Amino acid sequence: MPKHIRYYALLFQSLFILPIVHANEWDWVPRESLTATQQSTLNQYCRGTYIDGWEASDGANTHLLADMIYRDEQGTLHMKGAATLRQPASTLNADVIQGVPSEYYQADGHVTLRAENQLIRSSSALVSNTSDNKTARFDNAKFLSHSTRVRGAATQIARAQDGVIFIKEGFYTTCEPGETNWQLYGSSIELNPNSGFGTAKHIQIRIDGIPVFYFPWLRFPIDDRRQTGFLFPSFSYDGDDNLTVSAPFYLNLAPNYDATITPNLTTRMGPGPIPHGSEDNGQGLDVEFRHLSRWGQTVFEQSTYYDDTGEEATLRKLASDQQLTESVNVGILLEDNPTLERVPEVNTTSIGEKDSYERNAYAQYNKGNFSSDVTVQRYQTPDPTVDKPLEWLPRVNASYGYATSHFSYSPDVQFTDFYEPDENTIDGQRTALNQDISINTENAWGTITLGTIHHYRDYNLHRYSTDSDENTSLNHLSYYLDTGVTFERTFKSNNQFWRQTLEPRLTYLNSPYTEQSDIPNFDASEPSMTYTQAFAHSRFSGNDRVGDTEQIALGLESRFYDSENVNRWTLKGGQIFYLKDRRVGLTGNTGNTVDDTPRSALLTSASYNGNSFTLTNNFNYDLDEERVDLAQTALNYKPDSGVVFNLSFSYVYDEVANDRTKQSSFSTIIPLSENWHVYHQQAYDWIDQEQTKNVNGLGYENCCVKASLSHQRWRDDTNEYKEGIFLQFILRSLSGVGRENLDSSSIANDYWNAGKVGY
């Protein structure tokens, strides 16, 4: 939901419903004086909390206490010297209290009014207590809501008969006593709990006493009811000296649908003339419409941008997901670029630039172990030089799972009508049936599973190069045997008892060769070889290739558990030994040998899971070629000091030199003090020998404010470099300003943590 400026009317709903607690002015208790339970409710940056010690009195009587109490001839009650007027739901204290019971009370000097989770202090107060006129006025007042941590001050606070609150020359904040990180000032503020909104005149938002925003008039919600009005604007400044301003306006159209309209303006701030037709100078409008029905949510988004010549760029998206019954779900996704290759320069919606924009509709039925769905999927590809993706007209899936302690059966069937929009190669209809049948026996020390997999394929194809139709099919059985044994031992290390497991495993897979030269590859792919993949029952994913192989996969795993039975170390090592050459590849005719290696690379994995330190390593080494095929390392260190240290390296070998990857990344967050942090990230491409990302930033966070300022430079998907300065800050219980870098995730996103406490 949109973020709004919020006043908390809860503080005033029982304004004159309020014994003095022996505490400071704000009932403030520092963290070290709180109980463990109370401390657990605070976030890490809060130094204490407000404790409300007031308790409601029993019975319906009013109790009077003062150094002197008397009633004059006119019936006016006078209470002088430490006067206390205690009612069932409130307590009024002052130096002097006078009034006519059941009509009014006038309090002067050190006035304090208390009720549950409420505190008001003022120099004087007038409380009307008649049955038909229950109003109150406090002069030179300070107020506090313990539960919401909202406090403030005002020249005057008044409460009308209908519950409307009037504040004159006042401010409020959620910052801790003694801190003024942010305050919202208003010359005249009206809070209406009946309608759920407030209005204010001459509003200022002050950061450390400095006005940063001014609004001549403002309407804002004071509870969870949504209200129409402007949200906080966002600003961004990029490396090309372009300033972008976005000012969203929220429309509360009905309880179940709303909209946000966001005007965007971009202007060149740097030196030099702006080229005619430049996208760096223009304006646009983004629209988001949301509808919530009894079944689900529908969202429509559109982003339109005009450069200084008036040329338009538009993107739009419609997404709807509906659960009609417990078992039936339907949905639709429509993405569109009506301006073809042009996209908005400024865009606050969820749809961005793509080679192909998706358009699909689906229906699902799931009941128990049975699941099914039907999907129609098409694409819009604006650039005619880009190959258009295959489309489904439609795809139908159905699967079922049945299992007992010793037997399992899992059939799944898929029908797809493929359409090749370019009409250059081949498309058609494919029916795929996969059935996995297995028997299993296991006990405390081992397991044996024997199974068979049946693959059936039927194709009705159209080849555009010859304008001919053809039919082909495939019927295939493969067999597998999975075995595993678990040994355990207990040992003592550093005065702690550890448990270690040793788990040898063996998988035999026999998938005979079947001719597949006439079968096109619509969606088959070959997974990367890892330790886990070595024990899979298929060489390929997808339904267009049934990989032939006869192989034995051997593996050895060991896990180390500490005295609290937490898995700390996991070590894995294995290898596949091929008994036959492989003759089926992803492309080309089958039959010829495509892989004659007698064994796979040595596949290893090691991971450590500590309280503040995690380490993951994958390493594949080809013993025959004496070559590293895969080397991946990821380290994360986060001690109690607040330091974050991330280090990663990835190398993947490919026979095609241009497809090899060798990249590293380092990022860290370092606390400079309790509240200040610096963060940094570098990413480097060792093949291209260039830096792909550089982020430097400064962050500040306390109990009521979080801010982040960073400079970021990164390489995008088109291998072009971009850079920008990103400023974000959030005022707790008020709103946030700024925009994340949506083009590249980095340590800046980790620190910001979507504006939440901590990182």
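The values are calculated or read from the model by the stated rules, or taken from the named source; none is laboratory data. These numbers come from a predicted model, not from an experiment. Glycine also receives a Cβ, built like all others from the backbone with ideal geometry; neighbour counts cover every protein chain displayed.
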Q712: passes all of (1) modelled with pLDDT of 80 or more; (2) surrounded by fewer than 21 Cβ atoms within 10 Å (Cβ to Cβ); (3) over 27 Å from D640 (Cα atoms); (4) touching a Gly at 6+ places or on another chain (Cβ under 7 Å) but (2)
When you scan segment 303-357, how many residues do you find that are on the phi > 0 side of the Ramachandran plot and of a type in the set (D, E, K, R)? 0
Reported set for segment 478-503 where residues are loosely packed, with under 15 Cβ neighbours inside 10 Å and either over 18 Å from V566 (Cβ atoms) or acidic (D, E) (or both) is T483, V485, F487, E488, L502
Residues that are modelled with pLDDT of 95 or more, assigned to a strand (DSSP E or B) and hydroxyl-bearing (S, T, Y): does segment 586-604 have at least one? yes
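Give the residue, chosen from I157, I203, that is of a type in the set (A, V, I, L, M), assigned to a strand (DSSP E or B) and closer than 30 Å to Q98 by Cβ.
Result: I157 is the single residue among I157, I203 that is of a type in the set (A, V, I, L, M), assigned to a strand (DSSP E or B) and closer than 30 Å to Q98 by Cβ.
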Of all residues in segment 613-629, how many are among the charged types (D, E, K, R) and in contact with a Phe, Trp or Tyr (Cβ under 6 Å, 6 or more places away or on another chain)? 1
Name the residue that is modelled with the lowest pLDDT, counting only residues in segment 249-278 that are of a type in the set (S, T, Y) and part of a strand (DSSP E or B). T267
Restricting attention to segment 233-247, and to residues there that are more than 16 Å from T349 (Cα to Cα) and assigned to a loop (DSSP other than H, G, I, E, B), which single residue is modelled with the lowest pLDDT? G239
Yes/no for R430 being in the same structural domain as D548 (by TED's automatic domain parsing), within 30 Å of N567 (Cβ to Cβ) and of a type in the set (K, R): no
Among residues belonging to segment 502-557 that are assigned to a strand (DSSP E or B) and under 37 Å from the mean Cα position of the chain (by Cα), point out the one that is farthest from D417 (Cα to Cα). E557
Only one of L292, L340 is out of contact with any strand residue (DSSP E or B) (no Cβ under 6 Å at 6 or more places or on another chain), over 30 Å from S371 (Cα atoms), surrounded by fewer than 16 Cβ atoms within 10 Å (Cβ to Cβ) and of a type outside the set (G, A, S); which? L340
In segment 160-188, what residues are in a strand (DSSP E or B) and out of contact with any Ser or Thr (no Cβ under 6 Å at 6 or more places or on another chain)? I165, F166, I167, G170, F171, Y172, T173, L184, Y185, G186, S187, S188
